[in-house]
Amino acid sequence: SEYQYQEGRRRFDRYYHTTTGTMGTMEPPIVADDSLSSNTAFTAFNVLLIAAAMMTLYAIRTALLVLRKFDSARYPPVAAGGFRKHMAMAMSTEMPFWLLEQCNRLNTRIFQLTFPVSATNFFFIISDMATFRQIMTDPTTEKPSRLYNKLNNISGSSTILTLNGEPWQSKRKAAAHAFSSRHIRRMSTVALVKTEAWIEQTLSSHVRDGTPFDVSKEMLTIILAQICETAFEYQMSHQEANDFKINLDLALDEFTKQDPVNPLRKYMPASWLPDRQRAIVAVDWIRNLIERMVEQYNKSANHVEGSVIQLIMQSDRFASHKEKVAQLYEFLLAGHDTTAYSIAWILKSLADHPDEQSRLRVALRRSADNWSQCEELKCVIKEGMRLRPVARSIRVLGRDVVTADKKVLPAGSIAAFHFLPLFRDPAVFDKPDEFVPGRWVNPTKAMTDFAPFAMGKQNCMGQSLAQSNMLTIVARIISAYELSVVKEGKAVYNLTLKPTGVLLRARKL
């Protein structure tokens with residue numbers, strides 16, 4: 001080193017000037033420098049000591065950050081069970097119902113979950129309507145990129161759903177015209193046509209034979225056919241529709257449930273995780289489906305001006321082919337199952353409540369010329385989405401939030417809104433676990449915060465289409481058929497809450 005070199009020069013100069021004659025020309029003797037060795041050892045010891053001190057301070061800081069979560073006087077309580085239980089429930093198909101149970105057990109609508117990948121950060125479950133509005137309408141609130149970017153593993157690139165700031169705003173603006181009132185009317189007309197075709201080709205045979213139908217699968221068939229035709233200018237085959245549903249479930253389970261709570265999965269050999277292998281193959285299958293849609297669009301000379309695929313393929317806001325495919329992927333993913341499952345749950349609720357079903361049918365016959373203006377139908381749609389909402393939303397707080405009971409939600413925390421416990425808040429909804437469409441005739445001020453499509457600047461851009469489809473399809477079926485439940489099935493959560501194995505019987509009136 002430079003220090004050793006300079007020290008050697010000084011020792012040689014001292015030796016040279018103190019010798020005489022030929023001795024002055026002699027090479028300096030090589031003498032072991034014990035002081036230099038001891039200095040080097042001392043320096044190394046200091047480095048190790050400083051490193052150990054820094055690691056100790058970091059460990060103490062981390063421990064304090066973790067322990068502060070349990071300061072119940074300042075922050076909301078932590079749900080029972082510890083991080084193992086919380087991880088297990090985050091990957092469970094019963095997650096929303098477990099959260100509702102925790103609300104009742106803790107006697108609070110806001111509490112914490114703990115995950116090892118974010119041990120020092122707060123992760124709050126928000127099931128309080130007032131806090132929901134406060135956070136969602138705060139302009140400093142954004143989507144947590146670390147969590148939403150998991151969806152990029154499916155789509156292949158960043159999309160409107162996963163972006164924040166100017167890139168999000170730019171791409172959303174480019175696609176917004178596809179959901180104008182003119183296009184909503186066009187797409188709703190196609191939804192009615194697809195429903196009529198389903199009644200003629202499928203439901204009629206079930207009615208004739210007295211056999212039940214799987215309401216979830218059938219509504220998915222209608223909505224997929226409508227969206228592919230109106231948004232993507234593509235006629236999806238029956239086989240493609242079935243394969244799409246299977247592959248999407250595999251992809252969502254891995255990349256939206258397993259991966260976020262266990263990020264080490266992506267570093268493990270694929271051969272160790274057969275579920276992940278299957279999910280990767282499923283993602284490739286869906287991307288190939290989107291590529292077929294794009295290829296057919298490019299070959300066609302006739303396009304619908306302002307359709308989703310037309311706006312995206314011609315927009316320079318999506319810089320590459322990969323980005324365009326990813327955005328189409330997202331619209332197909334987000335646009336079909338939430339609407340289809342919502343309709344399925346509404347039909348199931350009406351089948352569970354024959355009196356409400358009869359009351360709605362009478363109202364529909366009074367307003368047969370314009371179902372969309374039927375107030376009883378609007379109340380049924382709202383109540384069905386309140387009782388069994390299919391979605392959830394997540395945000396990262398841009399500033400400290402203080403709740404009604406003076407608890408602090410620090411800036412930078414994750415706030416998750418699972419709509420099922422949120423919309424069953426007993427402080428807002430009387431008899432929250434019951435199907436009561438009449439509650440919406442004269443809603444309270446607190447009930448006006450009901451927002452199943454989220455609220456604020458990053459709400460669902462396709463909500464008008466979804467609501468229009470619900471009004472159209474529910475009205476067409478209930479106006480002509482009496483529904484009853486043959487098999488209850490169960491609710492399964494996998495990014496959306498879907499009715500699995502629910503069988504209904506229809507009787508033509």
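The values are calculated or read from the model by the stated rules, or taken from the named source; none is laboratory data. This is a predicted model, so every value here is computed, not measured. Don't worry about glycine lacking a Cβ; one is built from the backbone with ideal geometry, like all the others, and counts go over all protein chains shown. Each accessible area value is taken on the protein alone, full model and side chains, heavy atoms only, with ligands, DNA and RNA left out. Shrake-Rupley method; radii C 1.70, N 1.55, O 1.52, S 1.80 Å.
In terms of the Cα gyration tensor, with a ≥ b ≥ c the square roots of its eigenvalues, is segment 239-388 rounded because a/c is under 1.5, prolate because a/b exceeds b/c, or oblate? It comes out oblate by the Cα gyration axes.
Could you rank Trp198, Trp285 by how accessible they are, 1.4 Å probe, largest area first? Can you show the working numbers first?
Details: Trp198 10, Trp285 65 Å².
Result, largest first: Trp285, Trp198.
Each of the peptides 339-345, 246-252, 300-306 was scored by the mean count of other Cβ atoms within 10 Å over its residues; in descending order, highest first, they stand as 339-345, 246-252, 300-306. In the chain, the DSSP-assigned H stretches of four residues or longer account for a calculated mean residue ellipticity at 222 nm of -17000 deg cm²/dmol, using -39500 (n - 2.57) per stretch and the full residue count as denominator. Ignoring ligands, DNA and RNA, please state the percent of accessible area on segment 397-505 from carbon and sulfur, probe 1.4 Å. Of the solvent-accessible surface of segment 397-505, carbon and sulfur hold 52 percent.
Averaged over its residues, segment 172-218 has an accessible area of 51 Å² per residue, based on protein heavy atoms and a 1.4 Å probe. What separates the Cα centres of segment 359-381 and segment 144-169 is a distance of 39 Å. Placing a label point 7 Å from the Cα of Thr93 along the Cα-to-Cβ line, the residues of segment 484-509 whose backbone N sits under 20 Å from it are 486-504.
Of the heavy-atom accessible surface of segment 87-184 (probe 1.4 angstrom), what whole percent is carbon and sulfur? Could the numbers behind the result be given before it?
On the way: 2000 of 3870 Å².
Answer for segment 87-184: carbon and sulfur cover 52 percent of the accessible area.
Please give the charge dipole size of segment 385-468, origin at the Cα centre, charges +1 on K and R Cβ atoms and -1 on D and E Cβ atoms. Round to the nearest 20 debye.
Details: 12 positive and 7 negative charges, 34 e Å.
Dipole of segment 385-468, to the nearest 20 debye: 160 debye.
Largest accessible area first, the listed residues Met293, Met313 line up as Met313, Met293 when surface is computed with a 1.4 Å probe on the assembled protein chains.
The relative contact order of segment 390-449, computed from alpha carbon pairs under 8 Å that lie at least 6 residues apart in sequence, is 27 percent. Within the chain, the whole DSSP H helices whose Cα atoms reach 30 Å or more along their own axis and whose mean Kyte-Doolittle score is at least 1.0 are 34-68. Spin-label pair Ser320-Leu192: with each label point 7 Å from Cα along the Cα-Cβ axis, the two points sit 4.4 nm from one another.
At a 1.4 Å probe, what is the % contribution of carbon and sulfur to the accessible area of segment 224-383? Answer for segment 224-383 is 51 percent, counting heavy atoms of protein chains only.
Estimated at 0.36 nm per residue, the fully extended path between Val441 and Ala51 surpasses their Cα-Cα distance by 133.7 nm. Residues in segment 370-464 average 41 Å² of solvent-accessible surface per residue, probe 1.4 Å, ligands and nucleic acids excluded.
Give the relative contact order (percent, whole number) for the chain; include only Cα pairs under 8 Å separated by 6+ residues. Present the calculation step by step, with values, prior to reporting the outcome.
On the way: 676 pairs, mean separation 115.1, N = 509.
RCO, the chain: 23 percent.
Go through Lys299/Lys457; Lys194/Lys245; Lys407/Lys445; Lys150/Lys171 and tell me which ones have a Cα-Cα distance over 28 Å in this structure. Flagged as over cut-off: Lys299/Lys457.
Using a ≥ b ≥ c from the Cα gyration tensor of segment 88-138 (square roots of the eigenvalues), is it rounded, prolate or oblate, where a/c under 1.5 gives rounded and otherwise the larger of a/b and b/c decides, a/b for prolate? Working shown, then result.
Details: a/c = 1.82, a/b = 1.19, b/c = 1.53.
Oblate is the answer for segment 88-138, as a/c is 1.5 or above yet b/c matches or exceeds a/b.
For semi-axes √(5λ) of the Cα gyration tensor in Å, several values are listed as (1) 47, 37, 26; (2) 60, 29, 20; (3) 41, 25, 22; flag the one computed from this structure. The value computed from this structure is option (2).
In a reduced charge model with +1 at each Lys and Arg Cβ and -1 at each Asp and Glu Cβ, segment 226-308 shows a dipole moment near 340 debye about its Cα centre. I'd like to know which of Ala270, Ser188, Val207 lies farthest towards the positive end of the charge dipole of segment 126-275, counting +1 on Cβ of Lys and Arg and -1 on Cβ of Asp and Glu. Positive-end residue among those listed: Ser188.
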